[in-house]
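Below: one structure, written as structure tokens.
Read-outs throughout are calculated quantities, based only on the coordinates presented, and are distinct from any laboratory measurement. It should be emphasised that the depicted structure is a prediction, and the values quoted were computed from it without experimental measurement. Reconstructed Cβ throughout: ideal geometry from the backbone, glycine too, with neighbour counts over all protein chains shown.
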Amino acid sequence: MARRPPQDPSDPHGTGSALRDPVGPKDRSVYVRRRIAVLLGLVAVIIAIVLIVVRPGSNDGGTNAQPAEVPSDVVETPTAEPAAGEPVACAQSALEVVPMTDQGAYGADELPQLSLQITNSGKDACIAELGTAGMQFVVASGSDEVWRSTDCQTGAESLPVKLEAGEALETEAIQWDRTRSSTETCDISRDAVGADGASYHLSAAAGGADSTETAQFLLY
């Protein structure tokens, strides 16, 4: 008949303990410390493996990434260039501007109508600014500049126009009220210029080019 081990006085019902007592002559505390040491070693090994696999900082989604700096000597500044075959802005030297009046002399009750003709004298088609934003008329008597169309101009508009080689265009006429202008007289009554056969000269500019000649007329 097998012998049962003697019953532990601290466990009268023989249920046993959740943590079994170690077998051997050493004190219980020594075995507990050894078990703790082994557990700590296992934890350290697991942490080392995780660090090797994950490698902190190598896959952080780029949240700490710094933008790369491009050397200034390789940076290219984009420029808008016309497509091959497309006309470019007219060179000033390719444009000929001629000022014109509708009459050579005006009576006391007549107002001069001023216009200009612009010609592309170049060999290729080009784009000229022929809106009021890039156009100007000037009336002078000798060295006295008496009126400028841009002194009190409002609502100036841009109008790029394609001019074929050799093409000439004439602008719509504007009316001069026979008064002296300046930027300080836009909101007040302006003085009339002299008449009685006085001679005046009209010059003009358009598309960045100035007229080289003037159109002479008389006021009566």
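Hey, what do the phi angles of the stretch 142-148 turn into as Karplus ³J(HN,Hα) couplings, whole Hz, using 6.51/-1.76/1.60 and θ = phi - 60°, x for Gly and Pro?
x, 8, 8, 7, 9, 8, 9
Using θ = phi - 60° and the Karplus relation 6.51 cos²θ - 1.76 cosθ + 1.60, list the HN-Hα couplings for the stretch 101-108 in order, rounded to whole Hz, with x at every Gly or Pro.
3J(HN,Hα) across the stretch 101-108, in whole Hz: 10, 7, 9, x, 8, 10, x, 4.
Amide H to amide H, which residues 5 or more places from G131 or on other chains are under 5 Å from it, using H placed in the peptide plane?
So G131 has HN proximity to L159.
What is the ratio of the Cα radius of gyration of the stretch 74-220 to 2.2 N^0.38 Å, where N is its residue count, to two decimals?
1.24
D210 to A91: extension gain in nm, 0.36 nm per residue of separation minus the Cα-Cα distance?
Working: separation 119, 0.36 × 119 = 42.84 nm, distance 1.21 nm.
Taking 0.36 nm per residue and subtracting the Cα distance, the gain is 41.6 nm.
Give the long-range amide H neighbours of D102: residues separated by 5 or more places, or on another chain, with amide H under 5 Å away, using H modelled in the peptide plane at 1.01 Å from N.
The list, which skips near neighbours in sequence, is Q113.
If I model a spin label at M100 and A195 as a point 7 Å from the Cα along the Cα→Cβ vector, what separation in nanometres do I get?
About 2.6 nm separates the two model spin labels.
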